[in-house]
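See structure below.
The values are calculated or read from the model by the stated rules, or taken from the named source; none is laboratory data. This one's a predicted model, so the numbers in the text were calculated from it and none came from an experiment. Quick reminder, even Gly has a Cβ in these numbers, built from the backbone with ideal geometry, and neighbours come from all protein chains shown. In case anyone asks, the SASA skips ligands and DNA or RNA and just uses the protein heavy atoms, side chains included. Shrake-Rupley method; radii C 1.70, N 1.55, O 1.52, S 1.80 Å.
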Amino acid sequence: MDHAADAHRTDLMTITRFVLNEQSKHPESRGDFTILLSHIVLGCKFVCTAVNKAGLAKLIGLAGETNVQGEEQKKLDVLSNDVFVKALISSGRTCILVSEEDEEATFVEPSQRGRYVVVFDPLDGSSNIDCGVSIGTIFGIYMVKHSNEPTLDDVLQPGENMVAAGYCMYGSSCTFVLSTGVGVNGFTLDPSLGEFILTHPDIKIPNKGKIYSVNEGNAKNWDGPTAKYVEKCKFPTDGSSSKSLRYIGSMVADVHRTLLYGGIFLYPADKKSPNGKLRVLYEVFPMSFLMERAGGQAFTGKQRALELVPKNIHERSPIFLGSYDDVEEIKALYAAEGKE
Ligand code: FDP
């Protein structure tokens, strides 16, 4: 990218203009997706501002409530959830919402109902809020199957049925990464304009990377293939260089780095958590969707992640995602274990 030219750029590709351009390729489109996305973008801008002001406004700290996973909720989690739920319902384009923060799915009342199901984690990486480390919002969008009478069946669809997925990272800059099914594009918030501008067109993950990303503190409880894989990252036997370890502990930030630089992000199963930690609908699926669309892979230890069919809305799954060749290696280790 030519940064000198960027500084003088006058023809700005905002996210709205980008999605409208995409929409114009589908003459039958009614613009519903563009409207829905503009409400998600608004939610992200609001949360970005709140995250930036959190230290000042004393928004950080416990809100005195516990979320459905038994974690203490922070004020920013509560605020972000409220903002997204309201923004999504008021778009008039949603019929079911599933949020990490709400035990039950929200069924939008018929007068405000649209055709989309949105699954989201309004503020992922909450243990990083208090120290100002990057956190983010993750979302996935499905088309409802039964528009007259939406049911949980409309939510419990495999990830490959998603029509779009993305995340917004609240870091040193605010970055919105989106795939509407073909390709992955990244937009950076220009705070002076209040607009997301296309800065990372057509992101492709390198086929192989030099970084692995995992919470090694759980190593004593890992299964054989995960332990062997991480050992290979550190002590390769094929003459290649060792990989570097980078782990922020904030899925959006760890996945964003993996997408741009290549490598692998792992949150495996272990003896204490046989299903891993990350949630299928609003963490594993959207990130797997983006990885595949960028040329990478996502694997659960048993199957392609996007083929999973969740049985409940807060289900968890182990996940290995990132560069194509790196994920291929962990797949081979699981396949070899299956033959033993
Ligand atoms: P957090 O618990 O801080 O909300 O989904 C939760 C998540 O963060 C992910 O963002 C992150 O990748 C993972 O958990 C970190 O878990 P560990 O602390 O167990 O490594």
Under 26 Å from the Cα of residue 271 - lysines, other chains or at least 8 residues apart:
220, 228, 232, 234, 243, 302, 311, 331, 339
Can you give me the angle between helix 224-234 and the longest principal axis of the chain, using Cα atoms only, in degrees from 0 to 90, rounded to the nearest 10?
90
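Accessible area per residue for the chain in Å², computed with a 1.4 Å probe and the full protein assembly in place, what is it? Provide the component values of the computation, followed by the final result.
Working: 15330 Å² over 340 residues.
Using a 1.4 Å probe on heavy atoms only, each residue of the chain averages 45 Å².
By its C-alpha gyration tensor, with a ≥ b ≥ c as the square roots of the eigenvalues, how is the stretch 194-340 shaped: rounded for a/c under 1.5, else prolate for a/b larger than b/c, else oblate? Show your work: numbers first, answer last.
Details: a/c = 1.63, a/b = 1.16, b/c = 1.40.
Verdict is oblate for the stretch 194-340.
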Go from 0 up to the bin containing the longest alpha carbon distance in the stretch 65-189, width 5 Å each, and give me the % of pairs per bin.
2, 10, 19, 21, 20, 15, 9, 2, 0, 0
If one compares the long axis through the Cα atoms of helix 324-339 with the longest principal axis of the Cα atoms of the chain, the angle in degrees, nearest 10, works out at 60
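At 37 °C and 0.692 mPa s, what whole-number value in µm²/s does Stokes-Einstein give for the translational diffusion of the stretch 264-319, with Rh from the Kirkwood sum over Cα pairs? Walk me through the numbers on the way to the answer.
On the way: Rh = 11.2 Å.
This corresponds to a translational diffusion coefficient of 293 µm²/s.
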Cα point-scatterer Debye curve for the stretch 85-154, base-10 log of I(q)/I(0) at q = 0.15, 0.16, 0.24 Å⁻¹:
-0.51, -0.56, -1.00
Under a Cβ-Cβ cut-off of 13 Å, what is the net charge of the residues other than residue 160 that fall near it, where Lys and Arg count +1 and Asp and Glu count -1?
0
How compact and how long is the chain, expressed as Rg and Dmax of its alpha-carbon atoms in Å?
19.7, 63
Ignoring ligands, DNA and RNA, please state the percent of accessible area on the stretch 85-226 from carbon and sulfur, probe 1.4 Å.
50
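With n ≥ 4 as the cut-off for DSSP H runs, can you work out [θ] at 222 nm for the chain, using -39500 (n - 2.57) per run divided by the number of residues, rounded to the nearest 500? Provide the component values of the computation, followed by the final result.
Numbers: 8 runs with 104 residues, N = 340.
Computed ellipticity for the chain at 222 nm equals -9500 deg cm²/dmol.
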For a quick size check, give me the Cα extents of the stretch 135-178 along its three principal axes, largest first, whole Å.
43, 17, 14
Computed over the stretch 145-201, Cα set: Rg, Dmax in Å:
15.5, 44
For the stretch 116-235, just the Cα atoms, rotate onto the principal axes and tell me the three extents in Å, largest first.
54, 43, 34
Just to confirm my understanding: which cysteines in the chain have no other cysteine beta carbon less than 4.7 Å from their beta carbon?
95, 131, 233
Hey, what angle do you get for helix 32-57 against the long axis of the chain, alpha-carbon based, 0 to 90 degrees rounded to 10?
70
Stokes-Einstein, Kirkwood over Cα pairs, the stretch 172-212, 37 °C, 0.692 mPa s; D in µm²/s equals 283
